[in-house]
Amino acid sequence: MDYDELMTFQGDIYLNSIFEPQDNALILDIDRCKVNETMESAIENYQTIDTDETLPILRIEFDWYIAYSVRNEGFTVMDEYEVFEGNTFCIYSKSRYLDFVEVSTIASDSYPGPFKHYGIVALNHIIDVISQEPPTITLVNRTSSKTDI
């Protein structure tokens, strides 16, 4: 599976963990979620969304990145300025984050070369990664053994 295939994913995801195994490399462990039955509260009816423990963790690995950002999902808004393909997993061709990276770093199409903005919209977190290379996608069984997709 590659990132383009992830872009067709429909559903909710949760950021399980984010870490740098070495300098300028990034690993995102993502849980897929399921919507449970409607619950009643004193205020309103709502559905709970929980990690689907029957599915392995999606591991998204960037061997090298130019920049990344993690935002609180509750503080983000849709911006008609931005142009992207995908939904939960997307690639931006125009974004405020690309603009920020272009004015705040020396990264350009000349150096280090063409790059892309990968976006991941999780429950509670929005993750933006600028990288020249697409990430590697693997499945990690909940028993901690790694399996290639």
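The values are calculated or read from the model by the stated rules, or taken from the named source; none is laboratory data. Keep in mind that this is a model prediction, so the values were computed, not measured. All Cβ positions, glycine included, derive from the backbone under ideal geometry; neighbour counts span all protein chains shown. The accessibility values were calculated without ligands, DNA or RNA, using every heavy atom of the protein model including side chains. Shrake-Rupley method; radii C 1.70, N 1.55, O 1.52, S 1.80 Å.
Results, tabulated for the structure shown:
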| read-out | value |
| --- | --- |
| Top-ranked residue of region 93-113 - restricted to ones that are over 13 Å from Gln132 (Cα atoms) and charged (D, E, K, R), ranked as most open to solvent (accessible area, probe 1.4 Å) | Arg96 |
| Number of positions in region 72-100 that are in a loop (DSSP other than H, G, I, E, B) and among the aromatic types (Phe, Trp, Tyr) | 1 |
| Those residues of region 1-17 which are surrounded by 17 or more Cβ atoms within 10 Å (Cβ to Cβ) and not in a helix (DSSP H, G or I), in sequence order | Met7, Asp12, Ile13, Tyr14, Leu15 |
